[in-house]
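Colleague: This is the structure I have questions about; it appears just below.
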Amino acid sequence: MQNITVIGAGTMGNGIAHVFALKGFSVTIVDVSQSALDKAIQTITKNLDRQVAKGGISESDKNNTLKNISTNTTIEQGATNADLVVEAATENIELKLNIFKKLDEVCGAETILASNTSSISITKIASVTKRPDKIIGMHFMNPVPVMKLIEVIRGYSTSDIVTETIMQLSRKLDKIPVEVNDYPGFVANRILMPMINEAIYSLYEGVAGVEEIDTVMKLGMAHPMGPLQLADFIGLDVCLSILNVLHNGFGNPKYAPCPLLVNMVTATNLGVKSGKGFYEYTAGSKELVVATRFRKKELI
């Protein structure tokens, strides 16, 4: 297994491409937007420069990594010769199903198709292909070059050999793979998202303010980042999407997203990506400033 195609040039896609290319794999990043592909290469270069500055890799490692990466704007050209495809598109089920239908058509019969989805059923994705035994989840954590975990999600029909292949491949990336079964939210988000949702409810109900909630979890529970800051970092739209998957998948009201979260997403206050969520973000600033709305205690 040498040729890797990554679908999606966003934060997760360029991070996944980065770690594969650094380990000597030939990587093609596919995205419909050439500007997104250009930005991905810029981001990878910047992150490699950071690794060089910290002594983690050499200048030669950086140059070789960049040589291992190519880009393409079509699945037909970018994925035809892949041994493994890792889909890292937006967390939208219809989009993902359409991508996998196309991949199933253009990829070789032995190509393994993986999704970086954080919550969508691998079994559902596999159902639109003619190779359900070769469909698997590879849920990388953000930031991909730094975080060690890969949640390897085994669908209902995923074969033993495909699962073991992906487990071994993950270790070659210096990652730690953990095999989990295909149920809504898997493990990471089934546990994480209800915590974030409860933190938002605590804010919504006036139990405490943004900084107070995050400080309690950082100092009291040794979390490196408070749940509201983490929600901003993940993207409030992504949090809402995952909670909806949990709520619909289990039919349990404990997973129902907080009305405050719904309102914030509707208002396009999505966190870091939009410049405003529970905190306000300005370019180049590392200082966390609570969003004006919450400083005034106007939560609804």
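Colleague: Evaluate the range 265-272: report whether one residue or more is assigned to a helix (DSSP H, G or I) and either farther than 20 Å from PRO143 by Cα or in the same structural domain as ILE93 (by TED's automatic domain parsing) (or both).
Modeller: Yes - at least one qualifying residue is present in the range 265-272.
For (1) surrounded by fewer than 17 Cβ atoms within 10 Å (Cβ to Cβ); (2) more than 16 Å from PRO143 (Cα to Cα); (3) assigned by TED's automatic domain parsing to the domain that holds LEU149; (4) among the β-branched types (Val, Ile, Thr), each residue gets a yes or a no:
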{"position": "ILE7", "(1), (2), (3), (4)": "no, yes, yes, yes"}
{"position": "HIS18", "(1), (2), (3), (4)": "no, no, yes, no"}
{"position": "PHE25", "(1), (2), (3), (4)": "no, yes, yes, no"}
{"position": "THR28", "(1), (2), (3), (4)": "no, yes, yes, yes"}
{"position": "ASP31", "(1), (2), (3), (4)": "no, yes, yes, no"}
{"position": "GLN34", "(1), (2), (3), (4)": "yes, yes, yes, no"}
{"position": "ILE44", "(1), (2), (3), (4)": "no, no, yes, yes"}
{"position": "LEU48", "(1), (2), (3), (4)": "no, no, yes, no"}
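Colleague: Residue by residue through the range 183-237, note down the ones that are closer than 28 Å to THR123 by Cα and assigned to a loop (DSSP other than H, G, I, E, B).
Modeller: TYR183, PRO184, GLY185, PHE186, VAL187, GLY235, listed by residue number.
Colleague: Sticking with this structure for a sec: Which residue, of ILE150, ILE125, is crowded, with 17+ Cβ neighbours inside 10 Å and either more than 20 Å from the chain's Cα centre (by Cα) or within 22 Å of ALA40 (Cα to Cα) (or both)?
Modeller: Checking each option against the conditions leaves just ILE150.
Colleague: Provide a single number: the residues in the range 246-264 that are of a type outside the set (Phe, Trp, Tyr), assigned to a helix (DSSP H, G or I) and farther than 22 Å from PHE294 by Cα.
Modeller: 6
Colleague: Which of the following residues is within 24 Å of the chain's Cα centre (by Cα) and either within 18 Å of ASN92 (Cα to Cα) or buried (at least 21 other Cβ atoms within 10 Å of the Cβ) (or both): LEU192, LEU228, LEU288?
Modeller: It is LEU228.
Colleague: Where residues in the range 231-258 are over 18 Å from the mean Cα position of the chain (by Cα) and among the small types (Gly, Ala, Ser), which of them is surrounded by the most Cβ atoms within 10 Å (Cβ to Cβ)?
Modeller: Here the residue is GLY249.
Colleague: Mind telling me which of the residues LYS96, LYS39 ends up being more than 30 Å from LYS124 (Cβ to Cβ), part of a helix (DSSP H, G or I) and of a type outside the set (A, V, I, L, M)?
Modeller: LYS39
Colleague: So, of the residues in the range 199-211 that are surrounded by 15 or more Cβ atoms within 10 Å (Cβ to Cβ) and not hydroxyl-bearing (Ser, Thr, Tyr), which turns out to be nearest to VAL265 (Cα to Cα)?
Modeller: Top of the filtered list is ILE200.
Colleague: Quick check: is even one residue across the range 136-155 of a type in the set (A, V, I, L, M) and part of a helix (DSSP H, G or I)?
Modeller: Scanning the range 136-155 turns up no residue that is of a type in the set (A, V, I, L, M) and part of a helix (DSSP H, G or I).
Colleague: Right, another one. Step by step: first the residues of the range 128-147, then only those that are surrounded by fewer than 23 Cβ atoms within 10 Å (Cβ to Cβ) and among the hydrophobic types (A, V, I, L, M, F, W, C), then the one that is farthest from LEU230 (Cα to Cα). Which residue is that?
Modeller: That would be VAL128.
Colleague: Can you name the residue in the range 103-124 that is touching a strand residue (DSSP E or B) at 6+ places or on another chain (Cβ under 6 Å) and assigned to a helix (DSSP H, G or I) and, of all such residues, is farthest from ILE29 (Cα to Cα)?
Modeller: So, considering only residues that are touching a strand residue (DSSP E or B) at 6+ places or on another chain (Cβ under 6 Å) and assigned to a helix (DSSP H, G or I), the one farthest from ILE29 (Cα to Cα) is ILE122.
Colleague: How many residues, within the range 36-58, are without any contact (Cβ under 8 Å) to a residue 24 or more places away in the chain and in contact with an Asp or Glu (Cβ under 9 Å, 6 or more places away or on another chain)?
Modeller: So the count comes out to 1.
The values are calculated or read from the model by the stated rules, or taken from the named source; none is laboratory data. Here the structure is a predicted model, which means the values were calculated and not measured. Every residue, glycine among them, receives a Cβ derived from its backbone with ideal geometry; neighbour counts consider all protein chains shown.
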